[in-house]
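J.: Supplied in structure tokens, the structure appears directly below.
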Amino acid sequence: MTVSKILWPTDFSGSAEKAMPQVLSLSEKFQAEIHVLFVIEDLAHHAAWYGEFEKERAEKISDFSLKTARKKLDRICEKYLDGCPLYVRHVAIGDPAREILNLVEQEKIDMVVMASRGAKGHFSFGSVAEKVVKHATVPVVTVPVAAPG
């Protein structure tokens, strides 16, 4: 099996961070690029819950989220990924599972390594992880995270 690109999706939670040792180990073993992805949820998706946003307000929120995400990705890459052969940062807007699967296709990712659930996960296996495992065209390694409480 050839692995030249590994995708690590993160929501900046402690749960997502638990996958980092496996990401680093696999990257070292295969001398693979690490692609780090953060997905900003699309505000239009939540319009029915929160009411209509003025276009200007939605753009400001989106811009702020994008800048914040890029700063956090920079910190993660500096803290954890300095020894990797190559790491690439990605920020997308939309449904997290769909954006992970899209990036797999766009970047020709060979493997996804992710936590079994994210920050909002109330169950032992999160909905994003489940969708990615069910629909991915490449191997997906899920790192167990203890369920809260």
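J.: Contact list please: Cβ distance under 7 Å, first residue in the stretch 91-111 and part of a strand (DSSP E or B), second residue open to solvent by 30 Å² or more (accessible area, probe 1.4 Å) and of a type in the set (D, E, K, R), pairs at least six apart or on different chains.
T.: Pairs that qualify, where the first residue is part of a strand (DSSP E or B) and the partner is open to solvent by 30 Å² or more (accessible area, probe 1.4 Å) and of a type in the set (D, E, K, R), are V91/R70; A92/E99; I93/D42.
J.: F123 is checked against (1) in a helix (DSSP H, G or I); (2) loosely packed, with under 14 Cβ neighbours inside 10 Å; (3) at pLDDT below 90 and fails just one. What number does that condition carry?
T.: Every listed condition holds for F123 apart from (1).
J.: Could you check the stretch 88-98 and list, in sequence order, the residues that are out of contact with any Leu (no Cβ under 7 Å at 6 or more places or on another chain) and open to solvent by 30 Å² or more (accessible area, probe 1.4 Å)?
T.: Within the stretch 88-98, V88, I93, D95, P96, R98 meet the criteria.
J.: Out of the stretch 1-18, which residues are among the aromatic types (F, W, Y) and open to solvent by 20 Å² or more (accessible area, probe 1.4 Å)?
T.: Selection gives F12 alone.
J.: Could I ask something else about it? In the stretch 68-86, which residues are farther than 23 Å from E41 by Cα and touching a residue at least 24 places away in the same chain (Cβ under 8 Å)?
T.: So in the stretch 68-86, the residues farther than 23 Å from E41 by Cα come out as 78-86.
Result: Y80, L81, G83, C84, P85, L86.
J.: In the stretch 19-33, how many residues are out of contact with any helix residue (DSSP H, G or I) (no Cβ under 6 Å at 6 or more places or on another chain) and crowded, with 16+ Cβ neighbours inside 10 Å?
T.: The total comes to 9.
J.: Out of the residues in the stretch 65-120 that are hydroxyl-bearing (S, T, Y) and in contact with a helix residue (DSSP H, G or I) (Cβ under 8 Å, 6 or more places away or on another chain), which is modelled with the highest pLDDT? Spell out how you get there, then give the answer.
T.: Taking the stretch 65-120 as the starting set, the residues that turn out to be hydroxyl-bearing (S, T, Y) are 65, 68, 80, 87, 116.
Next, from what is left, pick out any that are in contact with a helix residue (DSSP H, G or I) (Cβ under 8 Å, 6 or more places away or on another chain): 80, 87, 116.
On the way: Y80: 74, Y87: 80, S116: 86.
Filtering first and then ranking leaves S116.
J.: Another question, then. Of all residues being touching a helix residue (DSSP H, G or I) at 6+ places or on another chain (Cβ under 6 Å) and part of a helix (DSSP H, G or I) in the stretch 34-60, which is modelled with the lowest pLDDT? Just the residue, please.
T.: Only one residue fits best here, namely L43.
The values are calculated or read from the model by the stated rules, or taken from the named source; none is laboratory data. Predicted model only: the values in this text are computed from it and were never measured. All Cβ positions, glycine included, derive from the backbone under ideal geometry; neighbour counts span all protein chains shown. Just so you know, the surface numbers come from the protein's heavy atoms only, side chains and all, with ligands and any DNA or RNA stripped out. Shrake-Rupley method; radii C 1.70, N 1.55, O 1.52, S 1.80 Å.
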